[in-house]
Amino acid sequence: MQKIGILIETRDQRVKPAMYGVITAARGPERELYGLVFDGRGREYKDNLAAYGISRVVAVQSENGMIAWNPDTWAQAIVQVMEQLEINILFGLTSAWTKDIFPRVAAMLDVPLVLDCLRVDIDNLTAEKSRFSGKTIATYKLHGSHFLFAVRPNVIEARQAAGTAQVDAFTVRLDHERMTVEAVEQDPAARVDLSEAEIIISGGRAMGNSDNFQILQQCAEIIDAAVGASRVAVEAGWVPHSMQVGQTGTTVSPKLYIACGISGSVQHFAGMKTSEVIVAINTDSGANIMQSCDYGIVGDLFEIVPLLTGQLKAIKNNE
Amino acid sequence: MKIYVCVKSVPDSAATIRIVGRNQFDEHITFIINPYDEHAIEEAMRLRATNEKAEVIAVCVGRAEAAGSLQSALAMGADRGIHVTTDDAVDSFITALALKAAILADGQPDIIFTGKQSIDAEGFQTMFRLGAVLGVPVATNVTAFALQDGIATVDCEMEAGGRAVFRMPLPCIIAAGKALNNPRYPTLPDIMKARKKPIQTLALASLDLPTPSAGMEVIGLRPAVEDRRRHIIAGTGEQAVAELIRLLREEARVL
Ligand SMILES: Cc1cc2nc3c(=O)[nH]c(=O)nc-3n(C[C@H](O)[C@H](O)[C@H](O)COP(=O)(O)OP(=O)(O)OC[C@H]3O[C@@H](n4cnc5c(N)ncnc54)[C@H](O)[C@@H]3O)c2cc1C
Ligand SMILES: Nc1ncnc2c1ncn2[C@@H]1O[C@H](COP(=O)(O)O)[C@@H](O)[C@H]1O
């Protein structure tokens, strides 16, 4: 049996939905999946994790109980779990957390890591990921004793697998901290991290100001979408940088990406080109995005988006 | 105070990547300093401004042509450059070892700035490997930086606009995020002046690096295919929206 660890990310005491695709990606014959949970829980997640193929839930804690967020100590804890349970492959979701923890674990163990994988082949130890800002897909071959993979949210569809799981506590011994955490602030207004959203509706230069983003927000509420933006909208100060999609913003891969008044620059595409379906709403039929979308409407977003919101609302009320 | 900045030379994001063979690309395109590394240089310049004896040294591992990106760093104000030259495609293991060797052969770093990611490899990891081989702490995606009494305080961007504040002693590695600062644009005189600044060249092979026990190689490269339907929906706004919703539900099945 090959032992594979999966760092389980949770939010508000629920497993992040995008985790299930990651677990699906790690599954295979002759493999035993360990779900590493850090939020002080374990039993609460057992059934959901087992439904996707995890057979061992490991509730990681220190002698003092739950391990508070500190990327350095979390990485130390993961290294101990991997060494003691003889786990030599670790999976996770590409997120702000894993971008801060996985490279630490990889560096501590001096082993390879591929962040933001689009596909992983565990048997051959290869992984595919974007290279050159999404313009190409590279296949990496890894050499080493342990292997780390963080998978882009939503690129691998979650499939259930019947199974049961046991829950074990695992107590790590933490060394001194090399960095201390003074504060952690999550924006309470932010509902879902853009990178995990299944539907995103984004606005660009054509939005014109901050207030107009309300038009997108209203539509987003009906279809449970997150709102994104192009760099122009961010640099103009209309929306925060956390909403920027693209090469220098967040990389997203939703089921549906609706671009409103966005021209479709290479740098914007770098952050959303793996979306399953791209919709463009643009006054210019010659805009770049019209050549690279699934469905396009040539029109004024200030007319089209409210119509979309209205029709979606009507459908929702009828169902 | 010795401030080192790691700068990578990367293809311009606007350049077309033409794949050659199985895993190469046509490198006759414009290379630029990795955009995040400009934020690293900018922060180094701001730190130098508070300390008369500080020196900013830009370090780059790459082909001979990468010297152009070191020139950009010098034009932004770095005092001098160190160029570790190699024609091979080097992974983050070797890059970290080379950066360590080049830096320690030059001086004792008080602080090292890097970018949070390179826009070509998108590895998100070289700074952590450098931190591990040097035995110093690392903070990534840094959006604010302050230094007092040998302790660095940094804000790091977390998910959905959240932030974490860390403190760590020097020496340490600070990996710059985009929100850290606005990089300065060099003026023509800056660029002229940069040409007179020294760049030391070291061949990677001459550094006598230990052989890494692990590695990653690119064995395949292919264009990201944009296989899109490109269906432009006609009709009045009302009609087009109705048709769009129908297609999203019945054809694409994403609503
Ligand atoms: C190093 C670097 C990194 C970058 N990183 C990013 C990044 O991460 N993300 C990013 O987005 N950009 C990034 N950019 C910027 C990028 O090059 C483009 O400038 C930017 O994406 C353009 O934003 P836009 O599409 O909103 O604006 P524009 O290109 O100006 O497009 C506006 C579009 O709106 C349409 N329009 C106008 N009025 C209406 C209306 N009423 N209704 C409907 N459509 C209308 C126009 O036809 C046009 O197509 C980066 C650039 C560089 C150099
Ligand atoms: N060849 C290189 N030379 C100098 N610095 C590098 C090199 N490769 C990576 N770096 C630094 O490490 C950061 C992260 O790179 P990466 O791990 O490739 O995403 C970059 O922003 C640079 O500051």
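General observations
- For segment B:2-207: rounded, prolate or oblate by the Cα gyration tensor [a/c cutoff 1.5]: rounded
- Between the helical axis of A:301-318 and the longest alpha-carbon principal axis of chain A there is an angle of about 60 degrees.
- Highest-first arrangement of A:258-267, B:85-94, A:206-215, B:164-173, where packing means the average Cβ count within 10 Å: A:258-267, B:164-173, B:85-94, A:206-215
- Along the axis of the charge dipole computed for segment B:1-94 (Cβ charges of +1 for Lys and Arg, -1 for Asp and Glu, origin at the Cα centre), the listed residues B:A54, B:G77, B:N34 are led at the positive end by B:A54.
- Per-residue shielding of A:233-245, expressed as the average number of other chain Cβ atoms within 10 Å of the residue Cβ, stands at 2.
- Contact order relative to length of chain B, as percent, for alpha carbon pairs under 8 angstrom and 6 or more apart: 23
- The protein assembly as shown: C-alpha gyration tensor shape, a/c 1.5 cut-off, then a/b vs b/c: oblate
- Checked against a 25 Å cut-off, the cross-linked pairs A:K135/B:K193; A:K46/A:K255; A:K99/A:K255; B:K116/B:K197; A:K273/B:K116 give Cα-Cα distances beyond that limit for A:K135/B:K193; A:K46/A:K255; B:K116/B:K197.
- Average partner coverage of B:115-126, which counts Cβ from other chains inside 10 Å: 6
- Between chain B and chain A, the total buried accessible area stands at approximately 7200 Å², from heavy atoms with a 1.4 Å probe.
- For the protein assembly as shown, share of DSSP beta bridges that run antiparallel, in % to the nearest 5: 35
- Each peptide in A:127-138, B:12-23 receives the mean, over its residues, of other Cβ atoms within 10 Å, and ordering these scores from highest gives A:127-138, B:12-23.
- Calculated mean residue ellipticity, 222 nm, the protein assembly as shown: -7500 deg cm²/dmol, from DSSP H runs (n ≥ 4) at -39500 (n - 2.57) each, averaged per residue and rounded to 500.
- Over segment A:1-149, Cα pairs under 8 Å with separation of 6+ residues give a relative contact order of 22 percent.
- For B:R63, the residues whose modelled amide H falls within less than 5 Å of its own, excluding neighbours fewer than 5 places apart on the same chain, are B:T86.
- When +1 charges are put on Lys and Arg Cβ atoms and -1 charges on Asp and Glu Cβ atoms, the dipole computed for segment B:1-88 relative to its Cα centre reaches about 140 debye.
- Spin-label zone in segment A:106-149 - amide nitrogen under 17 Å from a point set 7 Å from the Cα of B:R18 along the C-beta vector: A:136
- FRET efficiency for A:D121 and B:M192, using Cβ-Cβ distance with R0 set to 45 Å, rounded to 0.05: 0.30
- Once you reduce segment A:24-39 and segment B:12-56 to the center of their Cα atoms, the two points are 38 Å from each other.
- Mean per-residue shielding of peptide B:210-222 is 6, counting Cβ atoms of other chains within 10 Å of each Cβ.
- In terms of its C-alpha gyration tensor, segment A:194-317 has a rounded overall shape, because the principal axis ratio a/c (a ≥ b ≥ c, square roots of the eigenvalues) stays below 1.5.
- Cα-Cα over 28 Å, subset of A:K129/A:K316; B:K8/B:K196; A:K3/A:K141: A:K129/A:K316
- 13 Å Cα-Cα reach of B:K2 towards aspartates and glutamates, excluding residues that sit fewer than 8 places from it in its own chain: B:E52, B:E55, B:D79, B:D106, B:D110
The values are calculated or read from the model by the stated rules, or taken from the named source; none is laboratory data. Source: prediction; values computed, not measured. Backbone-built Cβ (ideal geometry, glycine too); neighbour counts: all protein chains shown. Protein only, heavy atoms only, side chains kept; ligands, DNA and RNA dropped before computing areas. Shrake-Rupley method; radii C 1.70, N 1.55, O 1.52, S 1.80 Å.
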